[in-house]
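S.K.: Following this message is one structure expressed as C-alpha cells.
The values are calculated or read from the model by the stated rules, or taken from the named source; none is laboratory data. This structure is a prediction, so every number in the text was calculated from the model and none was measured. Cβ atoms come from the backbone with ideal geometry, glycine included; neighbour counts cover every protein chain shown.
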Amino acid sequence: MSDVLVYSGPGVSTSALHHTLKTLRTLLNTYDVKTVDAKTLALDPWQKGTALVVIPGGRDLPYVSELSRPYTRNTDGNSSSSGGSQRNAAQEVRNYVESGGSFLGICAGAYYASGHCSFEKDTNMEVDGSRPFLRFFPGTCQGTVYPGFVYESDKGARIIDIERSAEIDRWRCHYNGGGAFMNADTFAGQGVEVLARYAPTQPEELRLDIDLNGAGGTQKRPDYAGQAAVVLSTVGLGKALLFGTHPEFPLLPSSTPVLLAENGGAQTQEDKDRQERDGHLRMHEQRRLQWMHELFTQRLGLRSELPPWAIAAQPNGADGARKVDATGTAVETDEPKLQPIFLASLGKNSDQVTDDIVRKLAAEKSSSTTHLAGFDKCAVLNSARAASVKDSNDALHFFSRADTESVKEAKGLCSSADYDAFSKPIIPSDPSEAETNQDKEVDLDSVPKYILVCKQDQASRPSADLLPYWNIVEYEKFLLHFREANLQKEQIKEQGHWSTWRAPFDPFNPFSFSSAPLEEEYRFGTPMLYSQMVTSTQTMLDKNFRLLSALPVGTTFFATQQMSGRGRGGNRWISPKGCLQFSTVFRVPVSMASKTVFLQYLSGLAVVEGIRLALGDSAAAQSVADKVRIKWPNDIYAEIPPVDETTERAKTATFELDGKRYAKLGGILVNSQFSGGSEFVLISGCGVNCLNPRPTTSVSDLISIHNSTAETSDQLDQISQEKLAGAILSTFDSIWKVFMRHSGDFRPFVDRYRQIWLHSDQETTLTSDAIRQSGAGDEESVRIVGISSDYGLLQAVPRTSNVHAKDAKAWGDSEDSKAGGIIQLQPDGNSFDMLQNLVKRKV
C-alpha cells in the first residue's frame, strides 16, 4: 500500500490538518494517509513507497525553520541536527518531486512552496522574503487576498468562488488568509499551468464573504481578480499542485466558516432561506469533492474514489452550478455509520456455542451501557434483549435473534444514528486556536455496538438481501468443503505437507520423535462475527477483555469495511470494499510464550496456502498460485506485470526481485495479551485484497491477468470472499493443530515456508543497529538464509558464507546459528525495506 505523507510539525494548523487528513482519506481511501515530521522527511527512505507529499495550511515561518533544519545520521544509527553529511526535509521533498513524485501545498504550504512569499506587506503581520527551498511556483505568492485574517484563528474564514480555467463555471471553496500566484501566466514556459483564478465578484446568495473582525473591510487592498488561485507545476518528472485557498474544508451547513458567519450576527434567515442555502452548500460540497477527485486522478496520477453520494452527475443550471433539491435531501453527505454485528456458529451444536458466549457475557458485572437515540422505539430489538456489557473499550448489546424484522430495525437504528453525543472537540496543538476552533470528531469506540445472534434455523438468520456483501450460508459451505480437502491432504500424507513431519530421533530423549496427543479439536472460522461496517475487527477483539474471554479458539471476526483499521507500527490500515479482512482468536499455554512469534509466520503460510487451495488443483490454477509469496515477516505479495495495463504506468509501492515485480496483496498483524491465568491470548488480523485491484493488486486481478492470455480450457473462475475465507480458515485448522501437537515447533512448516517466501539467499544490506551480533560493523552485505526455529529470528550470513537457505542449519535454533556464523535479526517488518533492498536501522 502506497503512502500519502502529510507534514504535521510546527506551524501546521490543527483545524487545517484535521480536514486535510479527512478529505485525503475520503478520496484516497486505498492509500495509507499518515502524518510525518521534518526529521522523518529528512532521514527516512520514504520516497519509493510514497504517492503524495502534502504540506497543509498553517504558518509559513515555522515551515521555513523546520523543513530546512539539517539532520544527519551518525554511524551508530542515531540522528542529530548537526555534524556529518546533512540532509533536510525540503531538499528531500524537492528531490522526490523532481524524480517523479507528487506534491500538494495548501495555503501556507503554497506560500512556502513558492519562490517568494509576500504576506500582509506593510502591516504588523508582514512576512516578506525569498523561499529558495522548493520553488514549485517560481514567482511570488502574495496575500492575503481577502481581509480579516487572524493568525491561529478561523475568524477571517469565508466561502468564496474561484473561476476554473478549463471550465466555464465557478468552484466554491473555503478561504482563510491564502495568497495569489502573481502573474502566473508568465511562468508557463517553466511548467506552470493556471487551474483556477480569483473571481471579481463573490456569491451573494450565501452572504458569507464578510469581514468577521469588522476592520479589514475599510482597508484599501490590491485587486486580485484574475490572479491565479490554483496552479499546477511540472517539476522535473513530477507534479506540484498548489492552492491559495482551502479546498480541504467541507462546504456543509455545519462547516466552520458557515457557523462563524451565522454566530457573528452577519445574517438572519428565514427557515425557507436557510433550507435553500443548505441545499446550495450540499451541492457545492459534492462539486468540491468531484474536482479534487479529478485533480488527483487526472493531474497527479493518483487512484481516487468518490464516495457514492458525490458520484451522481446533475444537470447544469444557467449559471453553471448544478442544481439539487432545496432541502438537500437529494444528496446524502453523511459519513458511513457503524453497522450491526452478527454472531453465528456453524455445525450441529451451533446454537449451544452462541448461547454459551452470550450466557458468559450476561453473567458479567459491568457499569451501565448507553444506547443510540431511538433505541427505545425499537420494539423488536427490545423484545430480543439478551445481554449488555460495558467492556474495556466498547459498549456491547446482544440480541437473541437475527430474523428479518430484527435486522431491518437494527440496520435502521445504526444507519440513522446521530453521533453528536459521541463527538468530542479536536484539541488544538496551539492554545490560541482553542477560542475559534469548533471542529469535532466522532469517538467511534464510544458508539454502542449492536450484536445480533444468528440461530441454526434459517428463518432466524439474515437474508442475503440484508447482507449484500457477505453470505453466511456460502461461507459455511466453503469452510466445510475445504476442511474435507485439507483432511484428505493429511490422510494421503501429501509430500511436503506439514502433517507428515516427524521430529528427528534424539538418543537423550527417545520420546521426542513422537507427537503429543491433541486434547482439543481446533475449528477455525467458527464461531464467526461479521459486520458490514465496524471500527476495527482487531480492536473489537483485542481491546474488549470480557468479550475475548467468552470466545473460543478459532472465533473469527469478518468485516466488509473498517473505519479505523489497525496495522503494524500504528499504520492506519485502509479497508476498501473487496478486501477480505478478519481477525482470529488463538490461545497458547504460558509454557509456549516464546513461540507466539511464529503466529505471524503461520498466518502468512495459511493465507498463501489458502489462496492455493481456493484456486484449485489444475496446472493453470497453480501457475497463478505460484505468484503469491510471503515477504518476511507479515506481508503477502504477488508477482505482477511490470506495467499496469490500465494506466500504462508502473504500480506504486512495488519492488523488483530477481527480475520480477511484486505488489502487496495483503498483510498480517498479531496482538498478544496475558489472560491472567495459564495462557496467552493472541489475535491474528489478516487483510487480503480479494476483489479490488487498487491500489496494488488482488486475487481477482491475478486471475484476470492469467485469463487474458490463457486458452479457453485453462480459464479460471473468480474467487468470492466467502470461498477465500473458507479456504484460509480451514488451512489454519490444519496448521494450528500440528503446531500445538509439536509444542510450538516451527520445523514442520519449514519446507513449505521456504518454497513460498521471497528471501531464500536474497542479497541485501544490513545496517549497524539491525545486527544483533556484536562487531559486525556499520553496514554489511549479507544473504538472507532462514528463520531460527526456536525464537523466530530472521537469519542472515555474509555473502561469502557457505551456508545457504537449503541447509538445515539456516533454519535451526540459536545454537546452530552460533556454530554457523549466522547473524540473527528481530522480526520487525518495518525495518526490512524491500523497496530499498535494505534492512534499515531502527532509530
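S.K.: Is it the case, given these coordinates, that Asp128 is of a type in the set (Asp, Glu), on the phi > 0 side of the Ramachandran plot and without any contact (Cβ under 8 Å) to a residue 24 or more places away in the chain? If you could, list the steps in order and put the result at the bottom.
M.R.: Values: of a type in the set (Asp, Glu): yes; on the phi > 0 side of the Ramachandran plot: no; without any contact (Cβ under 8 Å) to a residue 24 or more places away in the chain: yes.
No: the conditions fail for Asp128.
S.K.: Residues being assigned to a helix (DSSP H, G or I) and surrounded by 12 or more Cβ atoms within 10 Å (Cβ to Cβ): count how many of those fall in segment 709-730. Outline the logic, then answer.
M.R.: First, pick out the residues of segment 709-730 that are assigned to a helix (DSSP H, G or I): 712-714, 721-730.
Next, from what is left, pick out any that are surrounded by 12 or more Cβ atoms within 10 Å (Cβ to Cβ): 714, 721-730.
Looking only at that region, the number is 11.
S.K.: Quick test for you: out of Tyr31, Tyr7, pick the one residue that is aromatic (Phe, Trp, Tyr) and under 21 Å from Ser65 (Cβ atoms). Give the steps one after another, and end with the answer.
M.R.: Working: Tyr31 fails: under 21 Å from Ser65 (Cβ atoms).
The unique qualifying residue is Tyr7.
S.K.: Considering only residues that are within 24 Å of Asn88 (Cα to Cα), modelled with pLDDT under 95, hydroxyl-bearing (Ser, Thr, Tyr) and not in a loop (DSSP other than H, G, I, E, B), which ones fall in segment 1-27?
M.R.: Once the filter is applied, which keeps residues that are within 24 Å of Asn88 (Cα to Cα), modelled with pLDDT under 95, hydroxyl-bearing (Ser, Thr, Tyr) and not in a loop (DSSP other than H, G, I, E, B), segment 1-27 yields only Thr14.
S.K.: Just one of the numbered conditions (1) out of contact with any Leu (no Cβ under 9 Å at 6 or more places or on another chain); (2) under 27 Å from Arg587 (Cβ atoms); (3) at pLDDT 90 or above is not true of Asp717; which one?
M.R.: With respect to (1) out of contact with any Leu (no Cβ under 9 Å at 6 or more places or on another chain); (2) under 27 Å from Arg587 (Cβ atoms); (3) at pLDDT 90 or above, Asp717 is out only on (2).
S.K.: Within segment 89-143, which residues are small (Gly, Ala, Ser) and part of a loop (DSSP other than H, G, I, E, B)? Give the derivation first.
M.R.: Of segment 89-143, the ones small (Gly, Ala, Ser) are 89-90, 99-102, 105, 108-110, 113-115, 118, 129-130, 139, 143.
Listed by number, the residues that qualify are Ser99, Gly100, Gly101, Ala113.
S.K.: Determine which single condition Ser406 fails, assuming it passes every other condition in (1) crowded, with 18+ Cβ neighbours inside 10 Å; (2) in contact (Cβ under 8 Å) with a residue 60 or more places away in the chain.
M.R.: Result: Ser406 fails condition (2) only.
S.K.: Which one of these does Thr140 not meet: (1) within 35 Å of the chain's Cα centre (by Cα); (2) β-branched (Val, Ile, Thr); (3) at pLDDT 95 or above?
M.R.: So the condition that Thr140 fails would be (1).
S.K.: Could I ask something else about it? Restrict the check to segment 28-42 and report whether at least one residue is within 19 Å of the chain's Cα centre (by Cα), basic (Lys, Arg), over 19 Å from Ala89 (Cα atoms) and modelled with pLDDT of 90 or more.
M.R.: no
S.K.: Is it true that Cys173 is within 24 Å of Val53 (Cβ to Cβ), touching a Ser or Thr at 6+ places or on another chain (Cβ under 6 Å) and modelled with pLDDT under 95? Write out each step before concluding.
M.R.: Working: within 24 Å of Val53 (Cβ to Cβ): yes; touching a Ser or Thr at 6+ places or on another chain (Cβ under 6 Å): yes; modelled with pLDDT under 95: yes.
Answer is yes for this residue.
S.K.: Can you name every residue in segment 154-202 that is assigned to a strand (DSSP E or B) and among the hydrophobic types (A, V, I, L, M, F, W, C)? Spell out the reasoning first.
M.R.: Just the residues of segment 154-202 that are assigned to a strand (DSSP E or B), to begin with: 158-164, 170-175, 180-181, 192-198.
Ile159, Ile160, Ile162, Trp171, Cys173, Ala180, Phe181, Val192, Val194, Leu195, Ala196 - these are the residues of segment 154-202 that are assigned to a strand (DSSP E or B) and among the hydrophobic types (A, V, I, L, M, F, W, C).
S.K.: Testing Ser80 on (1) in contact with a Gly (Cβ under 7 Å, 6 or more places away or on another chain); (2) modelled with pLDDT under 95; (3) among the small types (Gly, Ala, Ser), one condition comes back false. Which one is that?
M.R.: (1)
S.K.: While we're here: Tally time: how many residues in segment 1-27 are under 17 Å from the mean Cα position of the chain (by Cα) and over 17 Å from Glu441 (Cα atoms)?
M.R.: Total meeting the criteria: 7.
S.K.: So Asn183 clears everything in (1) within 24 Å of Thr123 (Cβ to Cβ); (2) surrounded by fewer than 20 Cβ atoms within 10 Å (Cβ to Cβ); (3) at pLDDT below 95; (4) out of contact with any helix residue (DSSP H, G or I) (no Cβ under 8 Å at 6 or more places or on another chain) except one condition, right? Which one?
M.R.: With respect to (1) within 24 Å of Thr123 (Cβ to Cβ); (2) surrounded by fewer than 20 Cβ atoms within 10 Å (Cβ to Cβ); (3) at pLDDT below 95; (4) out of contact with any helix residue (DSSP H, G or I) (no Cβ under 8 Å at 6 or more places or on another chain), Asn183 is out only on (3).
S.K.: Might you let me know whether segment 612-632 holds any residue that is closer than 27 Å to Gly100 by Cα and modelled with pLDDT under 95? Before the answer, list the steps.
M.R.: Pass one, segment 612-632, residues closer than 27 Å to Gly100 by Cα: 631.
If we keep only those that are modelled with pLDDT under 95 as well, we get 631.
Taking every residue of segment 612-632 in turn, at least one turns out to be closer than 27 Å to Gly100 by Cα and modelled with pLDDT under 95.
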